[in-house]
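Worksheet for the structure shown next.
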Amino acid sequence: MNKAVEDRIKGCLVGSYIGAELGFLRIAKPDLLKIEKPQHMFSKKLEPTSEYQMQEKRQTYWKMTPFIDIGLKAYLKYQHRVIPEEFALLVKDDKDLASPVFNWDDIHTIQEVLKEGMHPRISGLGVVPTANICAAMPAVGIYHAADPEYAYLDGVELASVVQCRTGADWAGLCAATIAACLDTDLSVDEIIEVVLKIAHRNARNVFYQMNKKIRSAVNMSMGNEEEFLNWWYYNGGNNPDRVTFNVVEFVLPLVKKYADQPEKFIALQVFPNAGSPVTGVIAGAISGALYGYQIFPERWLEWAMPQASQWFGILDVVEKRLKKEKTIIKTIEKLKEQKADDKNTKLFDKIYGCILAGAIGNAMGSPVECWFDWEIDKKYPGGIRTILDPGRLESEDDNQMAMLLVETYIERNGAPVMARHFGETWKNKLNRDHFYPLCMGNAYNLIMSGWDPRITGHWNVVTGSTVMCMEPVGMYHIGDSEYAKIDGCAISYMYQRGLDVIAAEILVAAVSEALTLDATVDSVCNIALKAAPDEELKTFDKRDVKSCREYLEKCLNIASKYTDVLSVRKEIREKCLFYHPIDPLELLGIALAMFYIAKGDVRQAAIGGTNIGRDSDTIAGRAAMLSGALSGAGSIPQEWINLFKPEVLEKVRK
């Protein structure tokens, strides 16, 4: 990390703390903020006060420092990209957030419902939208420095622990703004445009509520200052509700004119009547993120730096992530540089192979879905060795869902995908009649009725419907199994829960590894085991394994004794089956076993996955897909590729 970026991250942290201290002056020293004219906002020197004491049994507001702190605690504790479950564990028991402050009762409510056992991805669902959690977003913006799209996405995911959709969008936009400000290649004008575009693409209602005000306020701020200050003091910056409002709406309009003048920038958050303690935090974070900690007056640094320096450990977390990203870039560059044949790079060959092999396995296994292996042998002596019905190459639900997710990534044009984006694709393109009503069909109905796609899978019957199609997430995150797992989980919750989400996480991590240049069968299986949780299973039925990892280890240990994909079936049937053929953990474990025995050979993986029966279309699809990702399209039998219609192959190639 270069010195300039380090100084800007430190500046963001210092500015956040300054904003928290000075933003509280409206409550702590209201007489100080009494002025005769709006122009006098800039004539008073703002300093924190140590005189104010929390009023026992009657405290409405307090400094927002605990909110800044909870965001940073998460990254400092976990040392990686934070997920809602981890964030919720900290929020639930945080004593500072539990301070008896009336206007923090939105957080207190969440602390209580989390203690009651509510799932953290839906705990904020019915909360009234408030701004408090926005003060935790500097940490998210810093972790995703120069990547405002991901800052928005993770800001929404983490804020949703304590906020409804609107409030989480406000928080996500705060995180995106800070991340954009840490991009040394962006001008202030470009930062404003980036944030507004993210809002337009992801939170259309929020965008239309704030776009006109922000653009007109930016223009006004660059004109006659006296007129602008009058307008801001009495109208633009006068927030009638200190709790339920969009922070970005009160900060972004001032960035172009005042972010390099933090005394004025923060004064414009503090002086207008009914100013909120939250906006000062984000204003200070923005000034520091843009210009480094040196932009702040020395007298402020004297009291702010010792406190903010306690958070500087996040620099190491960011540095670790930057090193990982450099490794990922090298991985992808190698794939682009090396040729698979005269026409195609290894990158193309592996992704093309992943998609085609998945469709082939899916079509091959489909005719015997939910059969036992001995029933297959009885009807097809010697086993099924090829695709019986080529029409299934394009009609099977596994492949259709995977291609819809591919199209979602293509439409995002390089930006990350969250469940809301996939949900939009469903709304526009999905034929609901093709899908099982107790999982995908139900999620579709909820999405069409206006539910947030982030959470529509939380009540569905577990059927394997996400693990059957989530590989595009692994394609997007080649060589980055951590991010693949996190995004795979978040997208899967759109229409699944429980073991189905966990199985999808494991699968996408394995795909991410399989697509790397140096991947092996062993490395893919090891990544899958690493991604599998070791915690006790939470299922309605009693199982003879303690955890997902133990089950996968069991399947792979059995597989290690065999070299033939058909010979293993009897032992798998006797030792690895659960109560129903479409159990997602079962199908993933068996698919990994077949992939392992086949040693990444697409033909053998598809044959093994098909002839085991059970959820054979998905087992064969997953085993063949991993083999295609590992070995490339060149490893797929040409006679199978010839079964695709030319226009289908062309569409996949594009």
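The values are calculated or read from the model by the stated rules, or taken from the named source; none is laboratory data. In this text the structure is predicted, and so the values were computed from the model without any measurement. No Cβ is skipped: glycine too gets one built from the backbone with ideal geometry, and neighbour counts run over all protein chains shown. Note: areas computed on protein heavy atoms with side chains; ligands, DNA, RNA excluded. Shrake-Rupley method; radii C 1.70, N 1.55, O 1.52, S 1.80 Å.
Histogrammed with a bin width of 10 Å, the alpha carbon distances of the range 556-654 distribute as 17, 47, 25, 10, 1 percent, first bin at zero. Each residue of the range 232-240 is assigned a 3J(HN,Hα), and the resulting list reads 5, 5, 9, 10, x, x, 8, 8, x Hz, derived from the Karplus form 6.51 cos²θ - 1.76 cosθ + 1.60 (θ = phi - 60°), x at Gly and Pro.
At an R0 of 41 angstrom, the distance between the Cβ atoms of D544 and A98 translates into a FRET efficiency of 0.50. Computed with a 1.4 Å probe over protein heavy atoms only, the accessible area of M448 comes to about 100 Å². Straight-line reach only, C-alpha to C-alpha below 25 angstrom: list the lysines that K57 could link to, leaving out same-chain residues fewer than 8 apart. Candidates past the 8-residue exclusion: K29, K92, K95, K115.
The simple Förster model, with R0 at 25 Å and r as the Cβ-Cβ distance, assigns H200 and D534 a FRET efficiency of 0.05.
Rolling a 1.4 angstrom probe over the protein heavy atoms with all chains in place gives the range 278-344 an accessible area of 52 Å² per residue.
Given 10 °C and 1.306 mPa s, compute D for the chain with the Stokes-Einstein relation, Rh being the Kirkwood radius over Cα pairs; round to the nearest whole µm²/s. Value of D from the Cα-based Kirkwood radius: 61 µm²/s.
Work out which GluC sites (Glu not before Pro) in the chain are exposed loop sites (DSSP not H, G, I, E or B, at most 16 other Cβ within 10 Å) and give the longest gap free of them. Excluding the exposed sites themselves, the longest stretch runs over 117-534. Spacing of the modelled spin labels on T563 and L32, each 7 Å from Cα toward Cβ, amounts to 8.0 nm. Taking each residue as 0.36 nm, the span from K44 to Q59 lengthens on full extension beyond its C-alpha to C-alpha distance by 2.7 nm. On a 0 to 90° scale, report how tilted helix 277-291 is relative to the longest principal axis of the chain, with both axes built from alpha carbons and the result rounded to the nearest 10. The angle comes out near 80 degrees. Computed from point charges on the beta carbon alone (+1 for Lys and Arg, -1 for Asp and Glu), the dipole magnitude for the range 210-306 about its Cα centre is near 320 Debye. Centroid-to-centroid, using Cα positions, the range 1-54 and the range 503-540 are 47 Å apart. Note on the range 493-629: the C-alpha convex hull projects to 7.5 nm² when averaged across all orientations. Accessible area per residue for the range 150-273, computed on protein heavy atoms with a 1.4 Å probe, is 34 Å². On full extension, the segment bounded by E190 and Y52 gains 45.6 nm, given 0.36 nm per residue less the C-alpha separation. Once the C-beta distance of K334 and E112 is scaled by a Förster radius of 60 Å, the resulting FRET efficiency is 0.75 to the nearest 0.05. What's the angle, to the nearest 10 degrees (0 to 90), between helix 3-23's Cα axis and the longest principal axis of the chain? Here the helix axis deviates by roughly 60 degrees. On a per residue basis, the range 1-59 carries 52 Å² of accessible surface, using protein heavy atoms and a 1.4 Å probe. For a test of the definition: using alpha carbon positions, the gyration tensor, and the 1.5 limit on a/c, classify the range 1-41 as rounded, prolate or oblate. Judged from the Cα gyration tensor, the range 1-41 comes out oblate (a/c at least 1.5, b/c at or above a/b). Cα centroid separation, the range 277-352 to the range 589-616: 40 Å. Charge dipole of the chain (Cα centre as origin; +1 on each Lys and Arg Cβ, -1 on each Asp and Glu Cβ, all else neutral): 280 debye, rounded to the nearest 20. The gain in end-to-end length when the N413 to D433 segment is fully stretched comes to 4.3 nm, 0.36 nm per residue minus the alpha carbon separation. Based on DSSP H segments of at least four residues, each scored -39500 (n - 2.57), the chain has a per-residue ellipticity at 222 nm of -18000 deg cm²/dmol.
Here is the list for the range 268-344: trypsin sites (Lys or Arg not before Pro) lying in DSSP coil, each with at most 15 other C-beta atoms within 10 angstrom of its C-beta, are K343. Taking the 1.4 Å solvent-accessible surface of the chain as the whole, the part contributed by carbon and sulfur is 50%.
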